[in-house]
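The values are calculated or read from the model by the stated rules, or taken from the named source; none is laboratory data. Keep in mind that what you see is a predicted model, and the values were worked out from it rather than measured. All Cβ positions, even for glycine, are placed from backbone atoms using ideal geometry, and neighbour counts span all protein chains on display. The accessibility values were calculated without ligands, DNA or RNA, using every heavy atom of the protein model including side chains. Shrake-Rupley method; radii C 1.70, N 1.55, O 1.52, S 1.80 Å.
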Amino acid sequence: MDFTSTKTITLTDFIFAEQRKHEGASGTFSNVLLSIALATKIVSRGVNRAGMTQMIGAAGSTNVQGEEVQKLDVYADKVFATTLGRSGEFMAMVSEEREDMFAARMGDSSSEYVIAFDPLDGSSNIDVNVSIGTIFGVYRRLPETEGSSKSNLADFQQPGTEQVAAGYTIYGSSTMFVFTTGDGVNGFTLYPTIGEFILTHRNMQIPDSGSIYSCNEAYFSKWSKGIQQYLKNCKSGDLGNGHTKVSMRYVGSLVADFHRTLLKGGIFLYPGDSKNPNGKLRLLYECAPLAFVVEQAGGRASNGSQRIMELVPEDIHQRTPLYIGSKHNVEAVEASIAEHD
Ligand code: AHG
Ligand code: MN
Ligand code: MN
C-alpha cells in the first residue's frame, strides 16, 4: 500500500468525507463509527495474540445462551462495552454475552444511539485458529426515549430497517471492517503497522446468483421438506439459476461464511428444525446487521418467508431462521419452502 498516494483512503478519511456531505452534521455519528472501529482494532490485537497470551480455551463460564464462553468472548465483550462506552454516544447496549441490556458507561441524556453486538462470533473456532468475527447493529433512540437519562428496552425492539449503521469485522488472514450506513457497503483492511483501516473494497456488490451453498448438513434430517428439496437440487447441480458447478463451503463462523458469500455469491442457510423452530442465530446482533449489509450490496436476507429487516425483536436474544446471500439463491429457497412446507 502506497501511503504517499492520494488514492489511499483511510477509514477516518472516509467517515469525515461522508460527514461533510451532511450539512451541519455534529460529528456524533462519525464518532459512533470510529469508536466501533477502534474496538475492533483492539479485539483484533487480542485475537492475534490469543495463542501467545493463553486467551484460547474456555473461560469456564456459560453465557445466557447456555453456551460455554471462551476467554476471548469475554475479552471482546469487555473491549466493546468500555471502548463504545467511553465515546459517550451510546445510551445502552445489548451484547450476546450479557443477559440484559446494559447502560453505556458515559451514556447520558444527550446520547442519541444504542448498539447491539456479538462481540466474538464463531467462538467454537477460536482454539482451532479459524476465522472469527464481530457483528454490530446501531439504532437511533426512539423519539419517546430521546433525552431521558434511562436506558429503554423499546430502543432495541425496532425492525432492522431502522438500523442507522451495521456491519462486521472478520479476524482472518487479514482483519477487515465491512459496514453500511444505508448508502452502499464498503470494506476496509487493517494495516497493523500503522493501526489504520484502509479502503480496499469500495461499494461491495454481491453477485445476483452464486454456485456455493453453505449450511451445516449434519442437521439435514431435522430440516423441513422445503429445505431438504432445495439442498437435493443443489447436489444435483440445479441451483435454479443456471449454475451447474455447485460447491458447499461451511466454516462454522457466521461472519466468515457470510463474508465469502458477499464476495463470491451463493447462499448461507441456518434453518430452524423440529427441535429449534427458530434455529440458532440471533436476530438483533447477528441476522439483522448482516441483512442490512447484504441488502445494501444487492442481496437478500429472509427467515424463509419474510425479510429479516422487517422482523421486530421482542426478546433481545430471540433467534430466527436465516437464509442470506445472492437474491436468486434466497428466492429459490423461499420458493422451495412455499412449495413443499
Ligand atoms: P457465536 O460463536 O457468536 O455463538 O456464533 C456461533 C454461530 C455462528 O457463528 C455460526 O454460523 C453457527 O454458530 C455455527 O453453528 P453450528 O455449530 O450449529 O453449525
Ligand atoms: Mn455469533
Ligand atoms: Mn458470539
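Placing +1 on the Cβ of every Lys and Arg and -1 on the Cβ of every Asp and Glu, with no other charges, gives segment 229-293 a dipole of roughly 160 debye about its Cα centre. Taking the C-alpha atoms only, the angle from helix 327-340 to the longest principal axis of the chain is near 50 degrees. Calculate log10 I(q)/I(0) of segment 136-237 for q = 0.10, 0.20, 0.23, 0.24 Å⁻¹, where I(q) comes from the Debye formula with a single equal point scatterer on each Cα and nothing for solvent. With one equal scatterer per Cα and no solvent, log10 I(q)/I(0) is -0.54, -1.02, -1.09, -1.13.
Magnitude of the charge dipole for segment 11-201, about its Cα centre and with charges confined to Cβ atoms of Lys, Arg (+1) and Asp, Glu (-1), is about 560 debye. If you plug the beta carbon distance of N278 and T12 into 1/(1 + (r/R0)^6) with R0 = 45 Å, you get a FRET efficiency near 0.70.
Between the listed residues F80, L38, I9, the Cα displaced farthest toward the positive end of the dipole of segment 1-99, a dipole computed from Cβ unit charges relative to the Cα centre, is found at I9.
Simple spin-label model, 7 Å along Cα-to-Cβ: M106 to L153 in nm? Distance between the two pseudo-spin positions: 3.0 nm. The helix-based estimate of mean residue ellipticity at 222 nm for the chain, built from -39,500 (n - 2.57) per DSSP H run of four or more residues and divided by its residue count, is -9000 deg cm²/dmol to the nearest 500. Accessible area per residue (1.4 Å probe, heavy atoms of protein chains only) ranks S224, S111 as S224, S111, with the largest value leading. For K275, the lysines whose Cα comes closer than 27 Å to its Cα, not counting residues fewer than 8 places off in the same chain, are K222, K225, K232, K235. Taking segment 212-340 as the region of interest, what is the percent of Cα-Cα pairs per 5 angstrom bin, listed from the shortest bin to the one with the maximum distance? Bin by bin from 0 Å, the calculated values are 2, 12, 23, 26, 22, 12, 3, 1, 0. Placing F258, F14 in order of accessible area, with the largest value first and a 1.4 Å probe, yields F14, F258. Listed by chain and number, the aspartates and glutamates whose alpha-carbon sits under 18 Å from that of K245, ignoring those within fewer than 8 places in the same chain, are D208. When nucleic acids and ligands are ignored and a 1.4 Å probe is applied, I126 ends up with an accessible area of around 10 Å².
On the principal axes of its alpha carbon atoms, segment 80-149 extends 46, 20, 18 Å, with the longest extent given first. Charged neighbours of V43, selected by a Cβ distance under 14 Å, balance to -1 (K, R count +1; D, E count -1).
In plain terms, the bigger the Kirkwood radius, the slower the diffusion; for the chain, with that radius from Cα pairs, at 10 °C and 1.306 mPa s, Stokes-Einstein puts D at 78 µm²/s. Tilt of helix 254-264 relative to the longest C-alpha principal axis of the chain, in degrees (0 to 90, nearest 10)? Taking the Cα atoms of the chain, the angle to 254-264 is about 70 degrees. The Rg/Rh ratio for segment 11-201, using Cα coordinates for both the radius of gyration and the Kirkwood hydrodynamic radius, is 0.96.
Measuring with a 1.4 angstrom probe and ignoring ligands and nucleic acids, H259 comes out at about 20 Å² accessible.
Out of all DSSP beta bridges with both ends in the chain, state the antiparallel percent to the nearest 5.
Details: 46 of 55 bridges.
In the chain, approximately 85 percent of DSSP beta bridges are antiparallel ones.
Given a 1.4 Å probe and the protein chains as shown, T10 ends up with an accessible area of around 30 Å². Net charge around L142, counting only other residues with Cβ within less than 15 Å of its Cβ (Lys, Arg = +1; Asp, Glu = -1)? Here the charged neighbours net out to -2.
Could you list the GluC sites (Glu not before Pro) in segment 3-85 that lie in coil according to DSSP, counting only those with at most 12 other Cβ atoms within 10 Å of their Cβ? Sites meeting the loop and neighbour criteria: E23.
Which distance in Å, rounded to a whole number, links the C-alpha centroids of segment 1-46 and segment 124-203? Here the answer is 13 Å between Cα centres. Here is the list for segment 106-212: GluC sites (Glu not before Pro) lying in DSSP coil, each with at most 11 other C-beta atoms within 10 angstrom of its C-beta, are E144.
For segment 300-333 versus segment 223-269, the spacing of their alpha-carbon centroids is 15 Å. Assuming charge only on the beta carbon of Lys and Arg (+1) and of Asp and Glu (-1), the dipole of the chain about its Cα centre is about 860 debye to the nearest 20. In the chain, taking the dipole from charged Cβ atoms about the Cα centre, the farthest positive-side position among Q296, Y139, I308 is held by Q296.
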